[in-house]
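Written below as structure tokens is the structure these notes are about.
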Amino acid sequence: MYKLIASDLDETLLGTDHRICQRNLEAIRAAREQGMRFVAASGRGHRSISRELAALDLLDVPGEYAIAFNGGVLASNVGPTPIQSVTLSWEHADELWRYGTAKGLCMHVYTIDDVVYVRNYVDEDRAYVGDRMHVIETYERDLGFLQGTSLVKVLFMDLDPARLRAIHEDLGDRVADLDVSYSARRYIEFNPAGVNKGAGLLSLAAHLGIDPSETIAIGDGPNDIPMISAAGLGACVANAYDEVKEASSYICEADNNEGGVAEVIERFVLGC
């Protein structure tokens with residue numbers, strides 16, 4: 001019997017309009033009425049997903065949690081109040097920032113307080129991010145201005161997956177001790193070693209006294225693969241990357257616009 005559902009947000013639970021469709025809302029509500037826990041698992045920070053948590057009636061609700069920053073922070077939805085966090089060293093973040101500056105890349109650095117500093121904020125990224133995150137545009141060539149601040153993640157943006165792979169290859173040993181993943185068909189993300197959604201799911205399940213076999217994970221991007229692999233049931237929406245489909249034990253017929261998350265809940269939880 002499953003007890004916890006962890007779902008990615010962007011391109012999984014959310015449609016291209018960045019909203020949760022009615023089918024998903026109704027299925028999640030029905031699952032929670034049966035005692036299931038629903039946990040948002042996002043590369044974004046907790047404050048950045050407050051709109052989605054509110055739509056799910058999970059915001060500021062005691063006993064409800066979220067996996068943020070690809071597992072860098074596990075937090076209660078009240079406050080939010082972190083129950084576990086792993087930060088990226090300033091030295092690692094600064095080295096990545098200097099590299100991105102030299103290459104002229106669009107890049108983000110995330111603080112644990114969910115402030116996102118962006119350099120070379122290109123129009124494509126500006127349109128994608130919209131108003132979903134607290135972004136401060138900066139022109140600093142290094143991260144000296146953030147020394148002493150707790151940082152959780154750095155990412156580079158490019159719409160060409162081949163260029164992202166080339167960046168990863170070029171960085172080589174400089175990121176060998178980091179957890180590197182890809183998301184949203186535009187980002188390469190750098191977290192501390194061992195920080196990923198799978199580790200986050202297992203830590204949260206242990207905190208709640210839930211066995212991994214009693215969990216469901218749903219995603220679409222490569223940064224969701226550790227979570228999909230760790231869960232008792234790993235599923236993906238129809239618009240998922242090919243490598244995510246290969247890692248999943250269930251592939252939805254519905255995509256993120258058609259209620260893929262609901263499809264999983266209807267089939268494996270509600271018995272529809």
Residues that are part of a helix (DSSP H, G or I), among the aromatic types (Phe, Trp, Tyr) and either closer than 19 Å to residue 178 by Cβ or in contact (Cβ under 8 Å) with a residue 40 or more places away in the chain (or both): does segment 95-109 have at least one?
yes
Across segment 90-128, the tally of residues that are in contact with a His (Cβ under 8 Å, 6 or more places away or on another chain) and surrounded by fewer than 17 Cβ atoms within 10 Å (Cβ to Cβ) stands at 0
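Out of 181, 203, which single residue is in contact (Cβ under 8 Å) with a residue 40 or more places away in the chain, surrounded by 20 or more Cβ atoms within 10 Å (Cβ to Cβ) and hydroxyl-bearing (Ser, Thr, Tyr)?
Going through 181, 203 in turn, the sole match is 181.
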Scan segment 40-47 and give yes if some residue there is among the hydrophobic types (A, V, I, L, M, F, W, C), more than 21 Å from residue 181 (Cα to Cα), touching a strand residue (DSSP E or B) at 6+ places or on another chain (Cβ under 6 Å) and buried (at least 17 other Cβ atoms within 10 Å of the Cβ), otherwise no.
no
Restricting to segment 3-22, name every residue that is basic (Lys, Arg) and free of Cβ contacts under 8 Å to residues at least 60 places away in the same chain.
19
Return the pairs, sorted by first residue and then second, in which the second residue is crowded, with 24+ Cβ neighbours inside 10 Å and part of a strand (DSSP E or B), the first residue lies in segment 60-72 and is on the phi > 0 side of the Ramachandran plot and without any contact (Cβ under 8 Å) to a residue 60 or more places away in the chain, the beta carbons are less than 6 Å apart, and the residues are 6+ apart or on different chains.
none
Can you find a residue that is of a type in the set (Lys, Arg) and farther than 24 Å from residue 15 by Cβ anywhere in segment 93-106?
yes
Which of the strands (runs of 3 or more DSSP E) found entirely inside segment 1-81 contain at least 2 residues meeting this: modelled with pLDDT of 95 or more and in contact with an Asp or Glu (Cβ under 8 Å, 6 or more places away or on another chain)?
37-41
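The values are calculated or read from the model by the stated rules, or taken from the named source; none is laboratory data. Remember, it's a predicted structure, so these values are computed and weren't measured experimentally. Backbone-built Cβ (ideal geometry, glycine too); neighbour counts: all protein chains shown.
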